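Presented below is the structure to which this report refers.
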Amino acid sequence: MIESGFPRRLHPYWPRLQEKTRLWLLEKRLMPEDKVREFADDLRYTDLMAGYYTDARDEVLQAIADYSAWFFVWDDRHDRDIVHGRTGDWRRLRHRLHAALDAPRHHLHHPDPLVSGFADSVLRLYGFLPGAWNQRFARHFHTVIEAYDREFRNRTQGYVPGVDEYLALRRLTFAHWIWTDLLEPSAGCELPDSIRKNPSYRRAALLSQEFAAWYNDLCSLPKEIAGDEVHNLGISLITYEGLTLEEAVDSLRRRVETCIDEFLAAEREALRFADALSDGTARGTELSSAVRTCVGNMRNWFSSVYWFHHESGRYMVDSWADRSTPPYVTNEAAGEK
C-alpha cells in the first residue's frame, strides 16, 4: 500500500544533511566517534527527516534533523535508565530537560551532553518562527517529557497499560504534535489556531502520526519483546484482549491499513480546505500555499516512516549479538559510567 500509493521523496540537501548531522553528534558528544563511524549512517536518522520535510529550507531541515537525532539518543538513554534501574538519574535528566526547554541559551554548556545538545537544537528551532510558535512547541514538548516519565514508571513497575490508555500515551511519547508543529517552519509560515484546529487539517495531521506510531510498534515488537518491555500496542493487545502474538501482529497490520485509507480521505478534505483559504488576498494565498505544503509533507511521512523501519539499523534485531541491547548504544551514549 505504501510503496504503490506513497512515492518516496528525499530532500536534495540530504547528502550534506547526513554529513553535518554526523559531525553534530560528534561535536555535542552524543555518540562516541567509533559508534558514529560504524552506525550513524546505517541508523538513517537523517533519511527519516529528509523524506518528511521535503520543502524545508536547508537550514531548517538541518535543525530538525539534528533535533531528531538527539531525540533518538534521548530515547536510548531513557531505555537504558529503565533497564539499569537508574531512577535518580532519570529524574534529574527529566528536570534538566524541562529547564533547558524554557531557557535553552542557559543550558548550552551543561556538562550532560544530552542536555546541552537538546538546548542547542531547541534554540536553533526557536529562531525560525515568532515567539508564539516557540511557546507552543515548548508546551507540547513539556508533555512529551512527562509522558516519557509515565512510561518510565510503567516499565520499571512492569505495568502494561490497557489498549486505550496506551494509545493516548503513545500519542505523547511518539511526539505527534511536535512533528506536526515542525511542518510550519518547514513551510516557512506559522499557522493560526483557526487553521491548525480546523477538523480537516487536524485529522490529516493526526492520521499521519498515528500511522507512524503504529507502524513503529509493529516493526519494533520483536525488539521490545526481546527486551521484556511493556510499552507496545501489540503487547497491550496480547495482555488485555488475550491475542496470540500472531493475532496481535495481524491486528496491528489492520490498524495500519485502516489508518492509510482514512488518511487518503482526510487528505482530500484538507486540500479542499487549503483551496478555500485562497480568497484573493495576499494572506489568503500565503496560508493556502502553506497548508498545501504541510499536507504534502504529512503524505511524505508515510513513505519516510515505512522505508526508515525497513532500512534503519534500529530494527535489525536479528543481526544483533544481544537482541535486548542495541549495538549502537554504549556506556557513554547511554549515560552509564
**Request:** Among the residues of segment 81-107, count how many are on the phi < 0 side of the Ramachandran plot, open to solvent by 10 Å² or more (accessible area, probe 1.4 Å), in contact (Cβ under 8 Å) with a residue 24 or more places away in the chain and in contact with a Ser or Thr (Cβ under 9 Å, 6 or more places away or on another chain).
**Result:** 3
**Request:** Run down Asp279, Asp261, Asp275, Asp250 and say which single residue is open to solvent by 50 Å² or more (accessible area, probe 1.4 Å) and not in a helix (DSSP H, G or I).
**Result:** Asp279
**Request:** Answer with yes or no whether Thr143 is under 22 Å from Arg155 (Cβ atoms), open to solvent by 50 Å² or more (accessible area, probe 1.4 Å) and touching a residue at least 40 places away in the same chain (Cβ under 8 Å).
**Result:** no
**Item:** Residues located in segment 1-18, provided they are surrounded by 13 or more Cβ atoms within 10 Å (Cβ to Cβ) and more than 30 Å from Glu257 (Cα to Cα)
**Value:** Tyr13, Arg16, Leu17, Gln18
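The rows are residues; the columns are (1) part of a helix (DSSP H, G or I); (2) touching a helix residue (DSSP H, G or I) at 6+ places or on another chain (Cβ under 7 Å); (3) of a type in the set (Gly, Ala, Ser).
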{"residue": "Ala138", "(1), (2), (3)": "yes, yes, yes"}
{"residue": "Phe141", "(1), (2), (3)": "yes, yes, no"}
{"residue": "Asp164", "(1), (2), (3)": "yes, no, no"}
{"residue": "Leu172", "(1), (2), (3)": "yes, yes, no"}
**Asked** Would a scan of segment 196-218 turn up a residue that is surrounded by fewer than 18 Cβ atoms within 10 Å (Cβ to Cβ), in contact (Cβ under 8 Å) with a residue 60 or more places away in the chain and within 20 Å of the chain's Cα centre (by Cα)?
**Response** yes
**Message:** Against the definition (open to solvent by less than 10 Å² (accessible area, probe 1.4 Å), in a loop (DSSP other than H, G, I, E, B) and closer than 25 Å to Ser312 by Cα), how does Tyr67 come out, yes or no?
**Reply:** no
**Prompt:** When segment 164-179 is examined, which residues are found to be open to solvent by 20 Å² or more (accessible area, probe 1.4 Å) and under 24 Å from Ala248 (Cβ atoms)?
**Reply:** Asp164, Glu165, Leu167, Ala168, Arg170, Arg171, Leu172, Phe174
**Request:** Would you check if there is a residue in segment 238-246 being open to solvent by less than 20 Å² (accessible area, probe 1.4 Å) and not β-branched (Val, Ile, Thr)?
**Result:** no
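The values are calculated or read from the model by the stated rules, or taken from the named source; none is laboratory data. As the structure is a prediction and not an experimental result, all values here were calculated from the model. Virtual Cβ from ideal backbone geometry, glycine too; neighbours counted across all protein chains shown. Quick note on the areas: whole protein, heavy atoms, side chains included, nothing else; ligands and nucleic acids left out. Shrake-Rupley method; radii C 1.70, N 1.55, O 1.52, S 1.80 Å.
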